[in-house]
Amino acid sequence: MKKLSSTYIIAEIGGNHNGSFKQASKMVSQLARSSVDAIKFQLGDPEKIYSKNSILPEYQKKNNNNGSLSIIEQASNRSLSREEHLQLFKLCNKHGCDYLCSAFDLDSLVFLDKKIDIKYFNIIY
């Protein structure tokens, strides 16, 4: 009988931390206890991935004081710094999970490649 390969389980946090390193760290700790193999985040420079002329959808206008913040400002408020990503990588390793991350711009991809020993790349185009 052919042996089945093991399943690699990735927990997608993405941006669900809402820019809070404390929340992201808590999520990593909780997910690690559930025996996931990897925890995945997202990294991108809002200045490089959004247009300054982006039109906000209605739900974003409602959630930010009638559109007083641009899409770039909103994304910046919900983003973690590169240093925080490095700390999350170390936390994942401490818990025995792989840290994974989707890069949304070239500089973020270079950072993940050079500064974090990331095992796999998720290319979004």
Checklist outcome for this item: Listed by first then second residue, the pairs whose first member lies in region 18-29 and is over 15 Å from CYS101 (Cβ atoms), whose partner is open to solvent by 40 Å² or more (accessible area, probe 1.4 Å) and in a helix (DSSP H, G or I), with beta carbons under 7 Å and at least 6 positions apart or on separate chains, are GLY19/ASN77
Next on the checklist: Against the conditions (1) open to solvent by 80 Å² or more (accessible area, probe 1.4 Å); (2) within 24 Å of VAL110 (Cα to Cα); (3) hydroxyl-bearing (Ser, Thr, Tyr), where does SER81 fall short? Just the number, please.
Outcome noted: (1)
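Conditions tested, residue by residue: (1) farther than 30 Å from THR7 by Cβ; (2) touching a helix residue (DSSP H, G or I) at 6+ places or on another chain (Cβ under 9 Å).
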residue	(1), (2)
GLN30	no, no
GLU47	yes, yes
SER79	yes, yes
LYS90	no, no
CYS97	no, yes
PHE104	no, yes
ILE116	no, yes
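Okay, residues lined up against (1) within 21 Å of PHE21 (Cα to Cα); (2) among the basic types (Lys, Arg); (3) crowded, with 16+ Cβ neighbours inside 10 Å:
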position	(1), (2), (3)
LEU56	no, no, yes
LEU69	no, no, yes
ASN77	yes, no, no
LEU88	yes, no, yes
ASN93	yes, no, no
TYR99	yes, no, yes
PHE104	yes, no, yes
LYS114	no, yes, no
TYR120	no, no, no
Next on the checklist: I'd like the full set of residues that are at pLDDT 85 or above and among the aliphatic types (A, V, I, L, M), limited to region 18-76.
Outcome noted: ALA24, MET27, VAL28, LEU31, ALA32, VAL36, ALA38, ILE39, LEU43, ILE49, ILE72, ALA75
Checklist entry - Within region 58-67, how many residues turn out to be open to solvent by 90 Å² or more (accessible area, probe 1.4 Å) and either farther than 17 Å from ASN16 by Cβ or of a type in the set (Gly, Ala, Ser) (or both)? => result 4
Checklist entry - Which one is nearest to the chain's Cα centre (by Cα), of the residues in region 91-125 that are part of a helix (DSSP H, G or I) and farther than 20 Å from ILE10 by Cα? => result SER108
Next on the checklist: I'd like the full set of residues that are open to solvent by 60 Å² or more (accessible area, probe 1.4 Å) and small (Gly, Ala, Ser), limited to region 1-50.
Outcome noted: SER5, SER6, SER34, SER35
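The values are calculated or read from the model by the stated rules, or taken from the named source; none is laboratory data. Being a predicted model, the structure only gives us computed values, none of them experimental. Quick reminder, even Gly has a Cβ in these numbers, built from the backbone with ideal geometry, and neighbours come from all protein chains shown. Each accessible area value is taken on the protein alone, full model and side chains, heavy atoms only, with ligands, DNA and RNA left out. Shrake-Rupley method; radii C 1.70, N 1.55, O 1.52, S 1.80 Å.
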